[in-house]
Amino acid sequence: DTAVSQTPKYLVTQMGNDKSIKCEQNLGHDTMYWYKQDSKKFLKIMFSYNNKELIINETVPNRFSPKSPDKAHLNLHINSLELGDSAVYFCASSSTAGFRSNEQFFGPGTRLTVL
Amino acid sequence: GESVGLHLPTLSVQEGDNSIINCAYSNSASDYFIWYKQESGKGPQFIIDIRSNMDKRQGQRVTVLLNKTVKHLSLQIAATQPGDSAVYFCAENYPNGGKLQFGAGTQVVVTP
């Protein structure tokens, strides 16, 4: 059973298009995240939601809009895609309670290529 | 072999040798630290963690050392195996917000 899943795994699209990436976790966690990993493998947090509420919103263009319909899902919608948006996007989840709170479990990533 | 993280992003180590991966963290108030392993084409996976009230923690073939005086974290891998080839990240937890700040990563290449 996949703990944190993302779809699609690969996404190739033209500049200017709008696209969405979906994330689901079956761990019962209350916090979910989106990260962007660039070509040099640097991982940067973009957003974090706790119980469907936005709690972290780093300096990210407003073309990026996260949506959390429930605690188990956090989707990322990107408008007017640009070349610089090409990266691997990771979803993660964690629990604020328990022995190892704040340990984040990562999904397999979505490789976005903007042409 | 030994790396200094940001200054030596690739660590080449012979199979069977011990590896040491170093990480300098930024926030003296960080209270929790994690090492992650990221294999090619996959998401980061938890290896070992340590809280700020400890200076050493051991797992299976891995040991994490924490030196709060100089804000330094290291990961030691004993008897490195080909399956240990990956990018390793340290991450520090910023309190009062639960944000994990990741380091730049170190690529470990295990040679036969």
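Counting just the residues of the stretch A:11-36 that are out of contact with any Cys (no Cβ under 9 Å at 6 or more places or on another chain) and within 15 Å of A:LEU76 (Cβ to Cβ), which one comes out surrounded by the fewest Cβ atoms within 10 Å (Cβ to Cβ)? Let's see the steps before the verdict.
So in the stretch A:11-36, the residues out of contact with any Cys (no Cβ under 9 Å at 6 or more places or on another chain) come out as A:11-20, A:26-31, A:36.
Next cut, within 15 Å of A:LEU76 (Cβ to Cβ) only: A:11, A:13, A:17-20, A:36.
Details: A:LEU11: 19, A:THR13: 16, A:ASN17: 13, A:ASP18: 11, A:LYS19: 18, A:SER20: 13, A:LYS36: 19.
So, considering only residues that are out of contact with any Cys (no Cβ under 9 Å at 6 or more places or on another chain) and within 15 Å of A:LEU76 (Cβ to Cβ), the one surrounded by the fewest Cβ atoms within 10 Å (Cβ to Cβ) is A:ASP18.
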- Item | Single unsatisfied condition, B:ALA24 versus (1) at the interface with chain A (Cβ under 10 Å from one of its Cβ atoms); (2) open to solvent by 70 Å² or more (accessible area, probe 1.4 Å); (3) in contact (Cβ under 8 Å) with a residue 60 or more places away in the chain; (4) not β-branched (Val, Ile, Thr) | (1)
- Item | Count - residues of the stretch A:37-56 that are among the charged types (D, E, K, R) and open to solvent by less than 80 Å² (accessible area, probe 1.4 Å) | 2
- Item | All positions within the stretch B:35-49 that are more than 19 Å from B:ALA78 (Cβ to Cβ) and touching a Phe, Trp or Tyr at 6+ places or on another chain (Cβ under 9 Å) | B:GLN38, B:LYS42, B:GLY43, B:PRO44
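Conditions (1) touching a Cys at 6+ places or on another chain (Cβ under 9 Å); (2) at pLDDT 95 or above; (3) acidic (Asp, Glu), marked per residue:
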| position | (1), (2), (3) |
| --- | --- |
| B:SER30 | no, no, no |
| B:TRP35 | yes, yes, no |
| B:PRO44 | no, yes, no |
| B:LYS56 | no, yes, no |
| B:GLN60 | no, no, no |
| B:LEU73 | yes, yes, no |
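Looking only at strands (runs of 3 or more DSSP E) that lie completely in the stretch B:27-112, which have at least 1 residues being of a type in the set (S, T, N, Q) and more than 10 Å from chain A (Cβ to nearest Cβ)? So that I can check it myself, show each step before the final result.
Numbers: elements: B:32-38, B:45-51, B:56-58, B:62-67, B:72-77, B:86-94, B:99-102, B:106-111.
It comes to B:56-58, B:62-67, B:72-77, B:106-111.
The values are calculated or read from the model by the stated rules, or taken from the named source; none is laboratory data. The structure displayed is predicted, hence computed values, not measured ones. Cβ atoms come from the backbone with ideal geometry, glycine included; neighbour counts cover every protein chain shown. Quick note on the areas: whole protein, heavy atoms, side chains included, nothing else; ligands and nucleic acids left out. Shrake-Rupley method; radii C 1.70, N 1.55, O 1.52, S 1.80 Å.
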